[in-house]
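Reading through the structure tokens given below for one structure.
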Amino acid sequence: TASDFDAVEIVARLAVAKGDAGLYFGWTESQGGFEVNAEGLPNPKPQSGSLVGHQDIQTDLVPAGVLGEYRIRCVPTPNGSGREITVTLNGIEIVRTTVDTPRRGHIMLEIGDDTELRVEELTARRL
């Protein structure tokens with residue numbers, strides 16, 4: 001995105017037939033950002049829906065090539081010193097965590113080399 005976001009809800013309907021992709025948010029060039037995995041690899045670790053570096057999902061909830069609906073909610077903590085992040089995959093809340101990083105930034109879609117990705121929806125809404 002051209003704009004950066006402080007509090008955001010992202011909805012993405014993705015199918016990764018082969019390879020891997022990631023939804024980044026709170027991303028800055030100098031600090032990086034948060035990433036939620038979308039995988040089309042056999043037995044990836046971590047699995048789709050994982051909040052990379054914070055909470056890894058070990059169960060395959062979206063097989064390769066199958067459309068998954070990712071809902072990511074990132075809001076400042078009440079004291080503003082971090083972020084409360086929730087990830088829902090196909091209607092199931094799989095990540096709920098607080099991260100001690102007051103990061104705000106851009107949203108981007110990462111597509112790995114040789115990845116086959118179908119995007120049916122990708123929206124972001126300021127909260």
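Failed condition for Gly19, given (1) of a type outside the set (Phe, Trp, Tyr); (2) part of a loop (DSSP other than H, G, I, E, B); (3) within 17 Å of Gly112 (Cβ to Cβ), with all others met? Tallying (1) of a type outside the set (Phe, Trp, Tyr); (2) part of a loop (DSSP other than H, G, I, E, B); (3) within 17 Å of Gly112 (Cβ to Cβ), Gly19 fails exactly one: (2).
For the stretch 114-127, the condition holds for at least one residue, the condition being that it is touching a residue at least 12 places away in the same chain (Cβ under 8 Å), open to solvent by less than 70 Å² (accessible area, probe 1.4 Å) and closer than 17 Å to Asp4 by Cβ.
The single condition from (1) buried (at least 18 other Cβ atoms within 10 Å of the Cβ); (2) modelled with pLDDT of 90 or more that Gly40 fails is (2).
Checking the stated criteria, Val95 turns out to be in a strand (DSSP E or B), among the β-branched types (Val, Ile, Thr) and within 23 Å of Gly40 (Cα to Cα). Across the stretch 39-61, what is the total count of residues that are in contact (Cβ under 8 Å) with a residue 40 or more places away in the chain and within 18 Å of Ala17 (Cα to Cα)? The number of residues fulfilling the criteria is 4.
Matching residues to (1) in contact with a Lys or Arg (Cβ under 8 Å, 6 or more places away or on another chain); (2) open to solvent by less than 30 Å² (accessible area, probe 1.4 Å); (3) within 16 Å of Leu127 (Cβ to Cβ):
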{"residue": "Val11", "(1), (2), (3)": "yes, yes, yes"}
{"residue": "Lys18", "(1), (2), (3)": "no, no, no"}
{"residue": "Ser30", "(1), (2), (3)": "no, no, no"}
{"residue": "Gly53", "(1), (2), (3)": "no, no, no"}
{"residue": "Val66", "(1), (2), (3)": "no, no, no"}
{"residue": "Cys74", "(1), (2), (3)": "yes, yes, yes"}
{"residue": "Gly82", "(1), (2), (3)": "no, yes, yes"}
{"residue": "Gly105", "(1), (2), (3)": "no, yes, yes"}
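Checking each residue in the stretch 39-67 for being within 19 Å of Ile10 (Cβ to Cβ) and not in a loop (DSSP other than H, G, I, E, B) picks out Glu39, Leu51, Gln55.
Pairing each residue of the stretch 75-87 that is on the phi > 0 side of the Ramachandran plot with any residue that is not in a strand (DSSP E or B), provided the two are 6+ apart or on different chains, yields no C-beta distance under 6 Å.
Can you find even one residue in the stretch 89-100 that is over 18 Å from Asp6 (Cβ atoms), modelled with pLDDT under 90 and touching a strand residue (DSSP E or B) at 6+ places or on another chain (Cβ under 9 Å)? No, that holds for no residue.
The values are calculated or read from the model by the stated rules, or taken from the named source; none is laboratory data. If you're wondering where the values come from, they're calculated on a predicted model, not measured in any experiment. Cβ atoms come from the backbone with ideal geometry, glycine included; neighbour counts cover every protein chain shown. All accessible areas refer to the heavy atoms of the entire protein, side chains included, with ligands and DNA or RNA removed. Shrake-Rupley method; radii C 1.70, N 1.55, O 1.52, S 1.80 Å.
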